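Peer 1: Take a look at this one; I'll ask things after.
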Amino acid sequence: MNFEIAVPYDVYDVFTPSQPAKLTFIDRASINDSLVNALKTPGKQIVVYGHSGSGKTTLLSNKLYQVYDGHITSRCMKGMTFEQIMIDAFDQLAPYYDDQKATKKTDTKKLNLSSSYKVIKLALENSSTFETSKTEKRILPPQLTPQSLGRFLGSSDKCWVIEDFHKVDSSEKQRLSQLLKVFMDLAPEYKKLKIICLGAVDTARQVVSYDEEMKRRIAEIQVPLMSDDEIHQIMNKGEILLNISFPHTVRGKIVKHACGVASICHQLCLNMCINADINEQQKDKFLLSENDFDTAVKMYIDDVSDSLRAAFDKALKQRAKTKFDSSKLIVKALALSHERGLARLNLLKRIQEDAPAYTDAILKGHIKKLLEAEYGAILRYDSDSGLYSFKDPFYRAYAQTILHVESAESNSESLSRPAILKHILLHLNEFTVIEYEDR
């Protein structure tokens, strides 16, 4: 008689800061239901949008399996063209069409599509050219149209996920928007044909702005940042799976530091386990400590300090000579305000304490830039509360540290990297002061 031996859960499968959560997936009922209903509705194209870290990819990856046996994913990058995105999707269908065999039971329509696919594939292979930089450029064959790609996808019963839609240039977004309309029109022929665009806030508006008719045929699904209770649920599942326990005070700190971003919660929990030498499910209940949390925060800051500095370098870089250094004024005002952030007019009042002539028109034009990647995306805007704030507490703490460093420099002090990291830790929260040792 064979008995299956239960394999202990691995800590890296439980807490997954860099990939979609599976074991600790939190079922956010209202959003999940909206997504599944849209996935099941023939012809309905989908835009899933929200702040970075809100859980868009995790939500989608955990719900697609309910409707589709498989899907393909194209990840957009800045400067990516419509042709490149089309070719990327086409390439990913190769395993399906290469396996199509001519048998009596094979659908004639699928055989014809398989033949067409191979013709286009051959055309792509023969049309590759080399530019002077020696980089290969693949030219879109005339046979590979939005309609033909739609038929290839529809016949394979796969949906197409386009991640980071917001990174594509405006001219390319318009062509992708038209592609969605083509897929809508093919729905009577292929009921499961669907594109799902994942993007940042306002992505849905960018899609439908090109064609008013699309408003009725696109499901716009906003994924908000996680609530405190949902962050607690991640920890609850982790505790059960690994047979560990987070102290109540530590739970509060993790919720505060995560600021609704699941990946931060996962990273802090993972760091705590690493520090406590927990690699898998424990035989006996293990109680984590305050010290484990303090070390976890140090580890996190060590990992993200360079990206924080890069983001603020972009934000504070002066691109043109202007009367006011808007980025610096906004960062300072928010750094010295409540962590929840400020409404625009209240932010303006804070700025005018340093720059009385500063106007709302200047603020409205500039603060939007600090939400964009080109300016470091150091801020976020909550449309429900109307508040602007730093992306998470680590960004706020870094901003406060910049002010401290500027003050120190004016007094001819020199702060080492460990000293700067220590000040980030000091500014992070009011719960505790963590000593950062020089290394």
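Read the figures in this text as sums done on the coordinates, not as results from a lab. Note that the coordinates shown come from a computational prediction; the quantities given were computed from them, not determined experimentally. Every residue, glycine among them, receives a Cβ derived from its backbone with ideal geometry; neighbour counts consider all protein chains shown.
Peer 1: Per q in 0.19, 0.21, 0.24 1/Å, what log10 I(q)/I(0) does a Debye calculation on the alpha-carbon atoms of the stretch 228-308 return?
Peer 2: Cα-only, vacuum Debye calculation for the stretch 228-308: -0.76, -0.93, -1.20.
Peer 1: Using θ = phi - 60° and the Karplus form 6.51 cos²θ - 1.76 cosθ + 1.60, what ³J(HN,Hα) does each residue of the stretch 229-236 get, whole Hz, x for Gly and Pro?
Peer 2: Karplus values, whole Hz, x for Gly and Pro: 5, 5, 5, 4, 5, 4, 5, 4.
Peer 1: In a shell of Cβ-Cβ distance under 9 Å around Leu334, excluding Leu334 itself, what net charge do Lys and Arg (+1) and Asp and Glu (-1) give?
Peer 2: Working: positive: Lys332, Arg350, Arg396; negative: none.
Within the 9 Å Cβ shell, the charges total +3.
Peer 1: Determine the alpha carbon to alpha carbon distance for each of Lys173/Lys317; Lys22/Lys63; Lys44/Lys78; Lys298/Lys368; Lys332/Lys364 and list only those over 20 Å.
Peer 2: Cα-Cα > 20 Å for Lys173/Lys317; Lys44/Lys78; Lys298/Lys368; rest within.
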